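Undergrad: Before we start, here is the structure in question, set down as C-alpha cells.
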Amino acid sequence: MAGERGSGIGIRGYEKDDAPRIARLFHETVHSVNRADYSAEQAWAWSPEVPDPESWHARMSSRCTLVAERRNEKGDEVIAFAELEENGHLDMFYCRRDSVGRGVGSRLYASVEREARERGLHLIFTEASITARPFFERHGFSTLEERVVVRRGVELTSFRMQKPLGFRGGVAL
C-alpha cells in the first residue's frame, strides 16, 4: 500500500521499527482516551504495562497493519494504527490522545476500508470499546451486541460491530 500524504499526516504500511512506538501508543491511549469511559481499574486490566515490542512485531507483521504518522521537526511520529486480519476482523484501532477528533482516525479508517475492498472482503467487523463505538457508527458500522469480557478478573464492556462492504459486479459501492 502506498503512503498517503496531505495535511502533514501520512498513512502507510507497518514497518518493524514501528513496534515500540505502537506498543507505547496503545498503552497510553488506553490510559488516557479510554479513561473517559472506563475506570482506572479497568484500564489497568486492559493494559497493565507497555506490551513487548517483539511480540507485537510478530503479530503486526502477519496482518495488514496500517500506521498514521505526522511529520514534525523531530521526524515522523506514529499517531495512530490499525490491524486488519485476512477475514475482515479489525482487531486494533487506536489513535493517540492528541490526534483524537482531528480527522486522523477517519483517514486511517478510509485506508483500512480501501485495503479491505482491494482484498475482496465483503465485511469488516470489530469489537469496539465504549469509547470507539460512536466513531465506528459514524463510519457505517452497526452494533450486533453488547458484550462483557473479563481481563485479569475485571469486567470490560465492548460491542460487536460490523460494516458490510457493498459490491456489485466486482465493483465496490
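Undergrad: Looking for whichever is within 22 Å of A19 (Cα to Cα), open to solvent by 60 Å² or more (accessible area, probe 1.4 Å) and modelled with pLDDT under 95 here; the options are R71, R102, R119. Which one fits?
TA: On inspection, the qualifying residue turns out to be R71.
Undergrad: Among the residues of the range 83-117 satisfying the criterion of being of a type outside the set (D, E), part of a loop (DSSP other than H, G, I, E, B) and closer than 20 Å to S61 by Cα, which is farthest from the chain's Cα centre (by Cα)?
TA: N87
Undergrad: Same structure again: Taking V112, is it surrounded by 15 or more Cβ atoms within 10 Å (Cβ to Cβ) and more than 19 Å from T157 (Cβ to Cβ)?
TA: The answer is yes for V112.
Undergrad: Another question about this same structure. Spot the failing condition for N34; the list is (1) of a type outside the set (A, V, I, L, M); (2) modelled with pLDDT of 95 or more; (3) under 21 Å from F135 (Cα atoms), and only one is missed.
TA: Checking N34 against (1) of a type outside the set (A, V, I, L, M); (2) modelled with pLDDT of 95 or more; (3) under 21 Å from F135 (Cα atoms), the one that fails is (2).
Undergrad: It is to be established whether one or more residues within the range 140-151 are basic (K, R), within 23 Å of E41 (Cα to Cα) and exposed (fewer than 14 other Cβ atoms within 10 Å of the Cβ).
TA: yes
Undergrad: Looking only at the range 154-173, which residues are at pLDDT 95 or above and of a type outside the set (A, V, I, L, M, F, W, C)?
TA: Correct list: E155, T157, S158, R160, Q162, K163, P164.
Undergrad: If A45 meets every condition in (1) in a helix (DSSP H, G or I); (2) over 12 Å from the mean Cα position of the chain (by Cα); (3) within 14 Å of G13 (Cα to Cα); (4) hydrophobic (A, V, I, L, M, F, W, C) apart from one, which number is that one?
TA: Failed condition: (3).
Undergrad: I'd like to check something: does the range 103-120 contain any residue that is within 18 Å of W46 (Cα to Cα) and not charged (D, E, K, R)?
TA: no
Undergrad: List, please: which pairs have Cβ atoms under 7 Å, are six or more places apart or on different chains, and start with a residue in the range 118-140 that is in contact (Cβ under 8 Å) with a residue 24 or more places away in the chain and part of a strand (DSSP E or B) and end with one that is among the aliphatic types (A, V, I, L, M) and surrounded by fewer than 19 Cβ atoms within 10 Å (Cβ to Cβ)?
TA: Within 7 Å, the pairs are L123/L165; I124/L165.
Undergrad: What about A82, is it modelled with pLDDT of 95 or more and either under 29 Å from R152 (Cα atoms) or among the aliphatic types (A, V, I, L, M) (or both)?
TA: Judged against the criteria, A82 is a match.
Undergrad: Next question, about the same structure. (1) open to solvent by 60 Å² or more (accessible area, probe 1.4 Å); (2) under 25 Å from H57 (Cβ atoms): which one isn't true of I124, the others all being true?
TA: Result: I124 fails condition (1) only.
The values are calculated or read from the model by the stated rules, or taken from the named source; none is laboratory data. Values in this document were obtained by computation on a predicted structure and should not be read as measured data. With ideal geometry, Cβ positions are generated from the backbone for all residues, glycine too; neighbour counts draw on all protein chains shown. Accessible surface areas use protein heavy atoms only, side chains included; no ligands, DNA or RNA. Shrake-Rupley method; radii C 1.70, N 1.55, O 1.52, S 1.80 Å.
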